[in-house]
Amino acid sequence: YPFLFNCPLLQKLSIRGCKYLKWDLGILSGSPILKELDCYDNECVTGNIGSLRVLKDKLEKVTLGSCANVEGNFMDLADFPQLKTLKLYSTDITVDIQDIGNQDFSKMEELVLGRNLSVNGNIRSLRELKNTLEKVTIKCCWSVEGNFMELSDFPRLKELNLDNTSITG
């Protein structure tokens, strides 16, 4: 349905629970000023998260959840200058938080990783985001480890949710 995504003025797109709507992330190039993408419980969405690079300078919020046919590596979004919120759960997107460097996710305020066997690393690696993170949720990511005290001196951290992880105290 390419005509649905040819919206040059679209800034927010939310598609939830549309199990039969077939589309690919690459089609979002028809919405060049998109700031927020909320895609949840859409079995027919396909593509690689890297195809969001056409929106690199505009995207502020990305939510991809229960989209089993979306793949890629979350680091493909690391240099998005406006990205403040990234929520990835129940996808095949690979996340190794140890890949985060000091120039990555420069405005990240909220990070949600959940129900994903492809998430791993040590929570210590989030220290690279220490000056911007306000909310962190890690849920059902058993390959994430470390001591949650590594986050104790985050000056902006307001909310921390750890649920079913290997993180210790």
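The values are calculated or read from the model by the stated rules, or taken from the named source; none is laboratory data. Please read these numbers as outputs of a predicted model, since none were measured by experiment. Heads up, the Cβs are rebuilt from the backbone with ideal geometry, glycines too, and the neighbour counts pull from every protein chain shown. For the accessible areas, the whole protein counts, side chains as well, though only heavy atoms, and no ligand, DNA or RNA atoms are used. Shrake-Rupley method; radii C 1.70, N 1.55, O 1.52, S 1.80 Å.
Sorted by packing (mean other beta-carbon atoms within 10 Å per residue), highest first, where do 82-91, 17-26, 68-77 land?
Output ranking for 82-91, 17-26, 68-77: 82-91, 68-77, 17-26.
Excluding residues fewer than 8 places away in the same chain, name every one of the lysines whose C-alpha is closer than 16 Å to that of Lys84.
Lys12, Lys35, Lys56, Lys58, Lys61, Lys107, Lys130, Lys135, Lys158
Among (1) 55; (2) 60; (3) 36, only one was calculated for this model; which label is it, if the read-out is percent of Cα pairs over 23 Å apart?
Working out percent of Cα pairs over 23 Å apart from the coordinates points to (3).
Rounded to the nearest 20 debye, what is the charge dipole size of the chain about its Cα centre when +1 sits on each Lys and Arg Cβ and -1 on each Asp and Glu Cβ?
About 460 debye.
I need the phi-derived Karplus couplings for the stretch 137-143: 6.51 cos²θ - 1.76 cosθ + 1.60, θ = phi - 60°, integer Hz, Gly and Pro marked x.
Calculated HN-Hα couplings, in order: 10, 10, 10, 6, 10, 6, 8 Hz.
Using alpha carbons only, how many angstrom separate the centre of the stretch 9-38 from the centre of the stretch 116-138?
Between the Cα centres of the stretch 9-38 and the stretch 116-138 lies a distance of 26 Å.
At a probe radius of 1.4 Å, what is the per-residue accessible area of Glu110, in Å² to the nearest 10?
My reading of the accessible area for Glu110 is about 40 Å².
Using θ = phi - 60° and the Karplus relation 6.51 cos²θ - 1.76 cosθ + 1.60, list the HN-Hα couplings for the stretch 120-130 in order, rounded to whole Hz, with x at every Gly or Pro.
Result, rounded to whole Hz: 8, x, 9, 4, 3, 5, 5, 4, 4, 9, 4.
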